[in-house]
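Beneath this line is the structure, given in C-alpha cells, with notes to follow.
The values are calculated or read from the model by the stated rules, or taken from the named source; none is laboratory data. Since this is a predicted model, take the numbers as computed values, not measurements. As a convention, Cβ positions derive from the backbone with ideal geometry for all residues, glycine included, and neighbour counts pool all protein chains shown.
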Amino acid sequence: MNEEKRGDCSRIDVEYVARLARLDLEPREAELFQRQLTQIVEYIRALQGVDVEGVEPMAHAVAVENVFRGDVPRDGLDRDAVLANAPEQDGEHFRVPLIVG
Amino acid sequence: MSDLADQTLYSLRGLLETGQCSAREAAADLIARIRERDGEIRAYVHLDEESVLRQAAAADAARARGEGGELLGLPVAVKDVLNVKGDPCACASRMLKGYVAPYDATAVSALRAAGAVLAGRTNMDEFAMGSSTENSAFFATRNPWNLDCVPGGSSGGSAAAVAAGEALAALGSDTGGSVRQPAAFCGCVGLKPTYGRISRYGLTAFASSLDQIGPITRDVRDAAMLLKAMAVPDPLDSTSVDVPAPDYMAALGERLDGLRLGLPREFFSDGLDPEVNRCVLTAIELCRKLGASVVDVSLPMAPHAIATYHIIACAEASSNLARFDGVRYGFRAGGANDPVELCCRTRAAGFGPEVKRRIILGAYVLSSGYYDAYYVRALKVRTLIRRDFDRAFASCDALLSPVTPTAAYRLGEKIQDPLQMYLGDLYTIPANLAGICALAVPCGMTGTALPVGMQIMGPAFREEIPLRVGHAYQQATDWHLRRAPRHGKAGQAAP
C-alpha cells in the first residue's frame, strides 16, 4: 500500500489498536469508542488534503539539543519514597506476577 | 482584615511588606474562604491546611529575619498534575490514586525559592485531557459565575479557585489551551508561556512537545510576577531553553503606542458566537485608542490546527502513558496471572474514557501503515502552521483573537460528544503547535453574565509583549476587577 492509499483508509479497528496499547475494553466500551473514534478519524483525515510536498516535519517547537552535565555523582530519589508508591514491593524491588514459569 | 483572599498577589505583597497583615493571617483567611465556598465549587482535590499554615508561618519568620524572595508568604494553588514533594499527585486519575510525589517539580521549587506558600491541589481533567474538568476521576468542578456551567479545562480547578476567591493565583498546564480556556470561562488571566520557557520537570507528561506550565491569576501583573519566578533554565529538562527572562514588571505600562497588533481573520470566522465577537472587537478598539495600530493578517493553516493537534498530542500521550503499567505507581488491578494481563487490566480499570480514547487514537496514528499518513503528515502541517506565525510576526508585534468561540457551556452539554468538545479549542491550539506564547485576559460578559476572554499571542520568548498589551488593557477596563457572585449566600444552592 502506498501512503496515499493508507491515508484514504479511515477505518479504525478499535479492539485491535486497544490490544496494541495494552488496554482491555468492555464490549460496550469498544462499541462506543468504535463509533466515536470513527468520527474523529474521519475528522483528522482532512489533513490528507493539505499540500505538504517538500515540507520538513516539525517534532518540536524549539531545536532540541542534548544537554550535558558534569560527570559528577549525585543522589537519586530516595528508594523508600519511590517504592512506597508501588502497588506491590518487597522493600528493595517492585513485585510483579511470575514472568517465566 | 477580612478580605485577604480577595487580594492579588501584588496587593497582598504590599500588605505583607508594610506589616498590615501576616502571611499566616492571609493563609488562615484563604482556608476559611475555601471551607466556605468549595462545597459548591469543588475546585480542590487536596488541601493540607496544617502545611499551608506552617509554610505561611515560616514565611513570616523569614520576613522577621529580613530574608525572603519576591513571593514571600504569597499563596499559590497547584494543579494536580505537578509534583509537590510529599503531596499526593493523582492527575485526577484513578490510576494515580494514593501516589505521593517524591520530589518537587522545578516550577514548584522555583516558587518555593521565591518564598511562595504552596496552597492546595486543584481539580483537572484526568491527565489534563479535556476542556471542561468533567473528565476528573474525582468529581466535576463548577463555574463560579454560574454553577450549572463548566469552568473549562483541563485546568478548571485552578481557574475556578481563582474566580471564586479560593485562591489568589494557581498554576495550570496548557497543552492545547488548558490554561487559557478555563481562565476565559472563569474571568481570570491565564498565560501559556513559550514552549521551553518554564521547565517541565515534574509536570506529569501528556504531550511532551506541547505541554507548558502557566499561571492563572486575577490580573496580568500577577501573571508577570509568577512567570518571572518560574522562568529559570533547568538542566533536568532538555527542552528548557536558556533565554534570559526580562524584567516583565518593567515592561508594563498604560499605553500601547507603537505596537502593531494583528487580527488573524481565521480566528473570527463562522462558529464564533456573536456576543464573544462583539466583546473582543470592543476590546481591540480600546487597544487602538491606547495607541496601538491594528491590521488584518491571515494564518491560512489555522483551520487545520485541531486535526494536527489531535494526531500529535494523542501520539505523544499514547507513548507517555505507557508508563502506567501497574508496576511502579499507584493503582494495580487484581487477579492477573502474568505481567501483560496485569498491564491490560490495570489500564482498563485505572484510566477513564477520554484517556482511553486518546491512547487508542495515538496508538492508531503511530501504528504500522498509518504512521506516515497521519503522524508524519501532521508534523509537516505543524511546520506550515509555524511558518504562518513567523510570517504574521514579521509585520505584527502580537496577534489578538477570542480565546474560545463561545462562553462557558453547561455541565453535561458536550461530554458525550468528544469531537464537539475538541472543536472548542480551535483558537488556543495553534499557539501550542507553533510553540509561541499566548495570554488570556477577561474582556467582557455575555448577556447571561458569563465571562468572555481575549487572547493575545506573542512571538516565542517575547512574553513581555502580550503582558504589556494585557496590562495596559486592564488599566483602562474593570473586567478583571469583577467578582463571581456568591451563590451560596444568595441562596442559589447547588443542585
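For the stretch B:114-126, does any single residue satisfy the condition of being free of Cβ contacts under 8 Å to residues at least 40 places away in the same chain and within 17 Å of residue B:170 (Cβ to Cβ)?
Looking for residues that are free of Cβ contacts under 8 Å to residues at least 40 places away in the same chain and within 17 Å of residue B:170 (Cβ to Cβ), one finds none in the stretch B:114-126, hence no.
Has the stretch B:76-86 got any residue that is surrounded by 20 or more Cβ atoms within 10 Å (Cβ to Cβ), under 24 Å from residue B:174 (Cβ atoms) and either charged (D, E, K, R) or more than 22 Å from the chain's Cα centre (by Cα) (or both)?
Yes, the stretch B:76-86 has at least one match.
Select from the stretch B:42-52 the residues that are buried (at least 18 other Cβ atoms within 10 Å of the Cβ) and either small (Gly, Ala, Ser) or within 25 Å of residue B:85 (Cβ to Cβ) (or both) and list them in ascending order.
The answer is B:43, B:44, B:45, B:47, B:52.
Residues are listed down the side, and each one gets a yes or a no for (1) within 7 Å of chain B (Cβ to nearest Cβ); (2) of a type outside the set (A, V, I, L, M); (3) closer than 23 Å to residue B:239 by Cβ:
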residue: A:28; (1), (2), (3): no, yes, no
residue: A:44; (1), (2), (3): yes, no, no
residue: A:58; (1), (2), (3): yes, no, yes
residue: A:64; (1), (2), (3): yes, no, yes
residue: A:70; (1), (2), (3): no, yes, yes
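Take residue B:39 and decide whether it is farther than 24 Å from residue B:211 by Cβ, of a type in the set (Gly, Ala, Ser) and surrounded by fewer than 24 Cβ atoms within 10 Å (Cβ to Cβ).
Criteria met by residue B:39.
Kindly provide the set of residues from the stretch B:314-368 that are over 25 Å from the mean Cα position of the chain (by Cα), surrounded by fewer than 20 Cβ atoms within 10 Å (Cβ to Cβ) and within 18 Å of residue A:40 (Cα to Cα), ordered by number.
B:367
Can you tell me which of A:94, A:68 is aromatic (Phe, Trp, Tyr) and at pLDDT below 90?
Just a single option satisfies the conditions, and that option is A:68.
For residue A:52, which of the numbered conditions (1) more than 19 Å from residue B:101 (Cα to Cα); (2) touching a Pro at 6+ places or on another chain (Cβ under 8 Å); (3) in a loop (DSSP other than H, G, I, E, B); (4) of a type outside the set (Gly, Ala, Ser) fails to hold?
Just one mismatch for residue A:52, condition (2).
Among the candidates B:95, B:129, which residue alone is buried (at least 18 other Cβ atoms within 10 Å of the Cβ) and in contact with a Gly (Cβ under 6 Å, 6 or more places away or on another chain)?
B:95
Please go through the stretch A:73-98 and pick out each residue that is acidic (Asp, Glu) and more than 10 Å from chain B (Cβ to nearest Cβ).
Matches in the stretch A:73-98: A:75, A:90, A:92.
What pairs come up if the first residue lies in the stretch B:84-95 and is under 17 Å from residue A:77 (Cβ atoms), the second is among the basic types (Lys, Arg), and their beta carbons are under 8 Å apart, counting only those six or more places apart or on different chains?
B:84/B:121; B:87/B:121; B:88/B:121; B:89/B:121
For the stretch B:453-481: of the residues being more than 29 Å from residue B:387 (Cα to Cα) and in contact with a Pro (Cβ under 8 Å, 6 or more places away or on another chain), which is surrounded by the fewest Cβ atoms within 10 Å (Cβ to Cβ)?
B:479
Given the criterion at pLDDT 95 or above, more than 27 Å from residue B:418 (Cβ to Cβ) and charged (D, E, K, R), identify the matching residue among B:382, B:391, B:358.
After ruling out the rest, the residue left standing is B:391.
Can you name every residue in the stretch B:305-362 that is assigned to a loop (DSSP other than H, G, I, E, B) and either in contact with a Gly (Cβ under 8 Å, 6 or more places away or on another chain) or at the interface with chain A (Cβ under 7 Å from one of its Cβ atoms) (or both)?
B:324, B:326, B:327, B:328, B:329, B:330, B:331, B:332, B:333, B:336, B:337, B:338
If you go through the stretch B:395-421, how many residues are more than 9 Å from chain A (Cβ to nearest Cβ), under 21 Å from residue B:432 (Cβ atoms) and in a helix (DSSP H, G or I)?
Matching residues across the stretch B:395-421 total 2.
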